[in-house]
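No lab work stands behind these numbers, since they all come straight from the coordinates. Remember, predicted model here, so these are calculated numbers, not experimental data. All Cβ positions, even for glycine, are placed from backbone atoms using ideal geometry, and neighbour counts span all protein chains on display.
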Amino acid sequence: MNILVLGSGGREHTLAWKISQSFNCTQVFVAPGNAGTDLIAINVDISVNDFSAIGEFVLENEIDLVVVGPEDPLVNGIRDFFEANEKLKSINLVGPGKVGAQLEGSKDFSKIFMQKHGVPTAEAQTFSADTIDQGYTYLEGCDMPIVLKADGLAAGKGVVIAQSIEEAKDTLKSMLLDKQFGDASSKVLIEQYLDGIELSVFVLTDGKDYVVLPEAKDYKRIGEGDTGLNTGGMGAVSPVKFADKAFMDKVEEKVIKPTVDGLKADNIDYKGFIFIGLMNVGGEPYVIEYNVRMGDPETQVVIPRIQSDIVDMLLAAAEGTLGDYKLEIGEFNVAGVVLVSGGYPGSYEKGKSIQGLADVTNSLVIHAGTTQEDYEVLTNGGRVLTIIGRGDDMEAAISNAYKDVNSIKWDGMYYRKDIGKDILAPRIF
Ligand code: AMP
Ligand code: GLY
């Protein structure tokens, strides 16, 4: 089978790496890919939003399965584009259509969906420029901190946790009146703050049945001890100790089942990943957000734990036969440390030569912002590499990852030294 993965980050490198190991895979293509995908697949210079070029490539190269990595092409309707084309409509594609993708594309849509289908979530109200005065009044009655969310896609920057009423009002004004995030903030949710520990849960569904992939914890802040600016993710681990069987059973009953049943009830034909961002509040799961794709860097620690054939799984999701698929998950632990360019998530330089890749022996190196020039791998983004360690316990997985982090260098490289350490059992002696 020929398989096309769309995207260029660590998530897509990981998916392509695992897909390339399947006996069912003849050739993997990645569009546009990076220096890492170039080692295991054929990179194709097509943008993820250029649907007609993707369609032509799929037909010319006899692609059997398309796996969409990022949310953008899903929200822009890549599935609808394929389904509207006589020649493309029979091609298997993993990712929801435009309506399903609104679960991520509109926080207002997803909040209404959760409320309608009884999925536990924080209380919220939505306001627009026309109702900003009601928004200010609503804020007066809220406890602080309070969360303000731009309705649309805002490159991960559309959520502000305001500590005071003044900050909340200023944020509401800059989102709604000053159009801080353009159209994405033409509606804003004012949402109750949830105090708890976050967990990323991943589901793959064909619209009827589903499989629950391994859970993960993401480290979002740039600084150790979860301090400083938000990033795309500085590291991840799987499994997550507090997500024990009792908690995950609750997640399945209270969140996953009502979500998949809700999609069915609303006639949303959903074939793809659902990434559920959860808050564990005193042992109860609350949904913070849905994403319609896998997480990054969570994919880098989740996918290596899958031991059954990933191509069978993806194909079953696209074809609607997931009920027959038996997911096998490895008992081992996986930790991923993201190496970033100095200055990230602010401005940073690109084009730095990466040294030491050949010295990595204990772990898997996943590329994100990298490019290759004359046999040299150069930095080409903020998040550059993820180093993935595996171990019988989390301590060993973390230690294996950091051993190899020490082999890699470039001018300005930065990483957090505390990935996974908060969930290790405390040492008493
Ligand atoms: P999102 O863009 O929806 O992933 O939100 C970004 C981050 O904001 C989340 O990962 C949480 O850390 C935080 N967050 C979002 N909603 C809430 C909430 N209701 N209560 C507390 N923290 C939140
Ligand atoms: N790691 C969070 C995300 O992919 O949105």
### Message
Checking the structure you have, find out if any residue of the stretch 318-338 is in a helix (DSSP H, G or I) and among the small types (Gly, Ala, Ser).
### Response
yes
### Residue list for the stretch 232-258, restricted to those being free of Cβ contacts under 8 Å to residues at least 60 places away in the same chain and either part of a loop (DSSP other than H, G, I, E, B) or touching a Leu at 6+ places or on another chain (Cβ under 6 Å) (or both)
Ala243, Asp244
### Query
From the list Leu194, Leu229, Leu172, Leu204, which residue is in a strand (DSSP E or B), farther than 22 Å from Ile329 by Cα and hydrophobic (A, V, I, L, M, F, W, C)?
Leu229
### Task
Of the numbered conditions (1) within 16 Å of ligand 2 (Cβ to nearest atom); (2) under 16 Å from Ala236 (Cβ atoms), Leu364 fails exactly one; give the number of that condition.
(1)
### Query
Restricting attention to the stretch 329-339, does a residue exist that is more than 16 Å from ligand 2 (Cβ to nearest atom) and surrounded by fewer than 16 Cβ atoms within 10 Å (Cβ to Cβ)?
yes
### Query
Regarding Phe51, is this residue in contact with a strand residue (DSSP E or B) (Cβ under 9 Å, 6 or more places away or on another chain) and among the hydrophobic types (A, V, I, L, M, F, W, C)?
no
#### Entry: Among the candidates Asp80, Asp45, residue that is more than 18 Å from the chain's Cα centre (by Cα), surrounded by fewer than 21 Cβ atoms within 10 Å (Cβ to Cβ) and more than 30 Å from Pro258 (Cβ to Cβ)
Asp45
### Query
Taking the stated definitions as given, is Phe81 touching a Ser or Thr at 6+ places or on another chain (Cβ under 9 Å) and of a type in the set (A, V, I, L, M, F, W, C)?
yes
### Query
Looking at the stretch 115-152, which of its residues are aliphatic (A, V, I, L, M), outside any loop (DSSP other than H, G, I, E, B) and under 25 Å from Ile276 (Cβ atoms)?
Ala124, Ile146, Val147, Leu148, Ala150
### Task
Report yes if some residue within the stretch 189-201 is under 18 Å from Asn230 (Cα atoms), within 12 Å of ligand 1 (Cβ to nearest atom) and touching a Ser or Thr at 6+ places or on another chain (Cβ under 7 Å); otherwise report no.
no
### Task
From (1) touching a residue at least 24 places away in the same chain (Cβ under 8 Å); (2) surrounded by fewer than 18 Cβ atoms within 10 Å (Cβ to Cβ), pick out the condition that doesn't hold for Asn291.
(2)
### Query
Out of the stretch 259-300, which residues are in a loop (DSSP other than H, G, I, E, B), at negative phi and more than 16 Å from ligand 1 (Cβ to nearest atom)?
Asp266, Ile268, Asp269, Tyr270, Lys271
### Query
Regarding Glu104, is this residue of a type in the set (Asp, Glu), within 16 Å of ligand 2 (Cβ to nearest atom) and in contact (Cβ under 8 Å) with a residue 24 or more places away in the chain?
yes
### Query
In the stretch 250-287, how many residues are surrounded by fewer than 21 Cβ atoms within 10 Å (Cβ to Cβ) and either among the small types (Gly, Ala, Ser) or within 11 Å of ligand 2 (Cβ to nearest atom) (or both)?
5
### Task
Go through the residues of the stretch 104-117 one by one and say whether even a single one is of a type in the set (Gly, Ala, Ser) and away from ligand 1 (no atom under 16 Å from the Cβ).
no
#### Entry: Flag for Thr321 being among the β-branched types (Val, Ile, Thr) and buried (at least 21 other Cβ atoms within 10 Å of the Cβ)
no
### Inter-residue pairs, beta-carbon under 9 Å, first at positive phi and in the stretch 320-349, second in a strand (DSSP E or B), 6+ apart
Gly343/Tyr414
